[in-house]
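The values are calculated or read from the model by the stated rules, or taken from the named source; none is laboratory data. Every value quoted in this text rests on a predicted model; they were computed, and no experiment measured them. Note: ideal-geometry Cβ built from the backbone for every residue, glycine included; neighbour counts use all protein chains shown.
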């Protein structure tokens, strides 16, 4: 009897957990869609902490960002050293010190955006991510 209940629980609970996870992902997706319609541009401060087993201690970067829709953004770090990143539709400019590297990334960005912006994008997310 207990074994039967255990087997029943093993078959029911994963389905319940998957449904809860699915509901959460749907709520997050809808919230993101609403926010993107309401807030088309934004600026703010950023604190980014990078960790790695190769580093003795975490690297904490501080700076500011501005975004204009999905086609342009700027990210500028002030600490621990200056670094500026600019994306403008087709190009990514990364400036450290007096050196600027320019990369053409537009095609790759549009390909990634299409993966997450079509009607099937929520399905793509559910297939590839677990919450």
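Per-structure values
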{"item": "Identity of the residue in the range 66-96, at pLDDT below 90 and part of a loop (DSSP other than H, G, I, E, B), that ends up nearest to residue 39 (Cα to Cα)", "result": "69"}
{"item": "Any hit, the range 51-65, residues being at pLDDT below 85 and exposed (fewer than 13 other Cβ atoms within 10 Å of the Cβ)", "result": "no"}
{"item": "Residue selected from the range 100-131 under the condition part of a loop (DSSP other than H, G, I, E, B) and at pLDDT below 75, by the criterion farthest from residue 26 (Cα to Cα)", "result": "118"}
{"item": "Residue count, the range 29-50 (criterion: at pLDDT 80 or above and either touching a strand residue (DSSP E or B) at 6+ places or on another chain (Cβ under 8 Å) or under 20 Å from residue 126 (Cα atoms) (or both))", "result": "14"}
